[in-house]
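K.L.:
One structure follows; several queries about it will come next.
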Amino acid sequence: MTKKIQAIRGMNDILPDQTRDWQKVERTLHRVLANYGYKEIRLPLLEMTALFQRSIGEATDIVEKEMYTFQDLNGDSLTLRPEGTASCVRAVLQHNLLTQGIQRLWYYGPMFRHERPQKGRYRQFYQFGVETLGVPGPDVDAELIFMTARFWQELGLKGLQLELNSLGSPESRANYREALVAFFTKHQSALDEDSQRRMHTNPLRILDSKNPQIQDLINEAPQILDYLDDESCRHFDLLQNLLNKVGIAYKINPRLVRGLDYYTRTVFEWTTDQLGAQGTVCAGGRYDGLIEQLGGSATPAAGFALGLDRLIALLKDKSLIELQISIDAYLVAVGIQAEEQALYLAEELRTKIPTIRLQVNYNGGNFKNQLKKADRSGARWALILGENEITQNIVGIKYLRDTQPQQFIPQNRLPDYINQQLKG
C-alpha cells in the first residue's frame, strides 16, 4: 500500500469545522482596525534573507536558528518571513509611502519559524500585524494598546495581563548592555550554556530565559529602567499617564526585552497563564531606528503583532467562540424531480436573499435521513421539497431550533417569508 503523505510537522491544516472560528475572530479584528483608521497592506511570503538579518539582528535566535532560508535558481538567498514588521517597512520604503504622510497599516497571514512544535508554537503560524509610521510621541503607543484592549473587549475575552517596559534610546540601551555583560561575567559559571553564548552576542535575551535554575540570578541583574535617558523616561511616564486615564491596568516588567534587535523605548506584551509556556498572545513596541537602518530617512514607528493561533486556542478554552457550524436553511429534496427543482429553488433564493446561508442536500436519501443531516448542519430551518410540494407549488418549512409548527409557504412567497424571518 502506498504510504500517505502527511503535513510537515508544525504546519497544521485548519479544517472546515475550525475555519468559522477563525473567520469570526478575523472579522472582529478587521472591524476594530477600520474603526481606528488603519488600512490593509498585503505582503509577500518570501523576502531577501538580508532584510531579516539587518532588521531582526544576526545574533537573535530567529536569524541564528529559526529561519527557513534557501537559495533560489538565481543564487539569491531567500527566506520565508519569520515576522511581518521588516516586510512592512521594506514595502513602505520601496513604494515611497512615507511621502504621503503618516502610515497606519495592518497585515495578516502566515509566518514561518523552524522551532520545536508545541501548543501555541508552530512552524507555520498566523499573525495580525499593525504598524504606525511617522508618529514620535507616546500617544501612538497608547493608541496601539487601546486598540488591543478593544480587541479583547469585542471578543469577550477577560483575564489578559498587560506587561510594559522601556528599552530607552540606542545609547542608553548600549550602556545597559555593558552593565549587563559586566554583571553576568562575574557569575558566568552559574549561567547555562545558552545564556553564556548570548552574553557576548545578545545579553538582553538572557533576561528572557525560562530556565528556572538561573531565575534568582536574573532577578539580581541590573534593571534597564535605571539606565534610561531623560527623554525616554518622559516618554514612558507620559505613556503610563495615558493608560491610567483610560483605566487600562498594566504591570511594569523590567525584564521584558522582546526578542528582536530593532525595538526602542516602549515594549509591551499581553500575556495569559492559560496556554502553558506560550503565554504571550500579543506583543509590540517602538522601533524608531528601523526605517533608517533599512535605507530610509529617520522616521519614528511603532506596532504590534497578535498571534491568531494562540488567541483562538484561548477563546476556545474559555468557550467564547462557537464550535458548531451554523447555517440558515438546509434544503431537503425527496425524489428525482424534487432534487432537480431544488437546485433552481436554491439559486432563486440566493439571488433574492443575498445574505442567506443555504445548503442543498446531495446524494439523495430518504426523508428521515435528510432531516437528520439538516439537524446536524446547525441550520435554523429545513426547507422541504417533495412530490406533494411540487404538485401544490409550495415549500415546507420545519423549524429545527424551536417549537414552532411546520409551515407550508407558496413558492412565489418563499423569499419574502424567509427574508422576514431573517430580519426578525
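The values are calculated or read from the model by the stated rules, or taken from the named source; none is laboratory data. Keep in mind that this is a model prediction, so the values were computed, not measured. Cβ atoms come from the backbone with ideal geometry, glycine included; neighbour counts cover every protein chain shown. The protein model used for the area step is the full one, side chains on, heavy atoms only, and it has no ligands, DNA or RNA in it. Shrake-Rupley method; radii C 1.70, N 1.55, O 1.52, S 1.80 Å.
K.L.:
Between Gln421 and Asp229, 0.36 nm times their residue separation minus their Cα-Cα distance comes to what? Before the final figure, lay out each step's value.
P.N.:
Details: separation 192, 0.36 × 192 = 69.12 nm, distance 6.34 nm.
My answer for the length gained is 62.8 nm.
K.L.:
With labels modelled as points extended 7 Å from the Cα through the Cβ direction, what inter-label distance (nm, one decimal) is found for Tyr250 paired with Asp72?
P.N.:
Label-label distance for Tyr250 and Asp72, simple model: 4.0 nm.
K.L.:
Does the stretch 19-119 come out rounded, prolate or oblate by the C-alpha gyration tensor, with a ≥ b ≥ c the root eigenvalues, rounded set by a/c under 1.5 and, if not, prolate when a/b is larger than b/c and oblate if not? Spell out each step's value before the answer.
P.N.:
Details: a/c = 2.21, a/b = 1.29, b/c = 1.71.
Taking the square roots of the gyration eigenvalues as a ≥ b ≥ c, the stretch 19-119 is oblate.
K.L.:
Distance cut-off 23 Å, Cα to Cα: go down the list Lys24/Lys245; Lys373/Lys398; Lys119/Lys158 and report the pairs above it.
P.N.:
Numbers: Lys24/Lys245 31 Å; Lys373/Lys398 13 Å; Lys119/Lys158 21 Å.
Cα-Cα > 23 Å for Lys24/Lys245; rest within.
K.L.:
As I understand it, the value is the acute angle between the Cα axis of helix 85-94 and the longest principal axis of the Cα atoms of the chain; what does it come to in degrees, rounded to 10?
P.N.:
90 degrees
K.L.:
So how far, in whole Å, is the C-alpha centre of the stretch 1-70 from the one of the stretch 225-294?
P.N.:
Result: 23 Å between the Cα centres.
K.L.:
Which label marks the calculated value of P(r) over Cα pairs in 20 Å bins from 0, in percent, given the options (1) 22, 44, 24, 10, 0; (2) 28, 57, 14, 0; (3) 23, 48, 25, 4, 0?
P.N.:
(1)
K.L.:
For the stretch 142-223, what class follows from the C-alpha gyration tensor (a ≥ b ≥ c being the square roots of its eigenvalues): rounded when a/c is under 1.5, otherwise prolate if a/b is larger than b/c, else oblate? Write down the numbers at each step before the final one.
P.N.:
Working: a/c = 3.40, a/b = 1.91, b/c = 1.78.
Prolate, since a/c reaches 1.5 and a/b exceeds b/c.
K.L.:
Enumerate the aspartates and glutamates that Lys186 could reach by cross-link, defined here as Cα to Cα under 17 Å, with residues fewer than 8 away along the same chain left out.
P.N.:
Correct list for Lys186: Glu178, Asp194, Asp216, Glu220.
K.L.:
For helix 367-376, report the angle its Cα long axis makes with the longest principal axis of the Cα atoms of the chain; keep it between 0 and 90° and round to the nearest 10°.
P.N.:
That helix lies at roughly 20 degrees to the long axis.
K.L.:
Another question, then. Which percent of the accessible area of the chain is formed by carbon and sulfur heavy atoms (probe 1.4 angstrom)? Could you put the intermediate results ahead of the total?
P.N.:
Numbers: 10410 of 21640 Å².
For the chain, the apolar C and S fraction of the accessible surface comes to 48 percent.
K.L.:
Describe numerically, in nm with one decimal, the distance between label points set 7 Å from Cα along Cα→Cβ at Ala50 and at Asp13.
P.N.:
Rounded to a tenth, the inter-label distance reads 4.1 nm.
K.L.:
Would you mind checking the tilt of helix 308-317 against the longest principal axis of the Cα atoms of the chain, expressed as 0 to 90 degrees and rounded to 10?
P.N.:
60 degrees
K.L.:
If you don't mind, another one. Once you mark the trypsin sites (Lys or Arg not before Pro) that are in a DSSP loop and have at most 12 other Cβ atoms within 10 Å, what is the longest gap between them in the chain?
P.N.:
Working: sites that count: Lys3, Lys4, Arg9, Arg42, Lys119, Lys158, Lys210, Arg401.
Free of exposed loop sites, the longest segment is 211-400.
K.L.:
Pick out which of Glu131, Glu154, Glu269 has the largest mean-square fluctuation in a Gaussian network model of the chain, springs linking Cα atoms closer than 10 Å.
P.N.:
Among Glu131, Glu154, Glu269, the largest GNM mean-square fluctuation belongs to Glu154.
K.L.:
Under 18 Å Cα to Cα from Lys352, which lysines show up? Leave out anything in the same chain fewer than 8 places away.
P.N.:
Hits, sequence-local ones excluded: Lys423.
K.L.:
In the stretch 290-357, what GluC sites (Glu not before Pro) fall in a loop by DSSP, with at most 12 other Cβ atoms inside 10 Å? Spell out each step's value before the answer.
P.N.:
Working: sites: Glu292, Glu322, Glu339, Glu340, Glu347, Glu348; in loops: Glu322.
Answer by residue number: Glu322.
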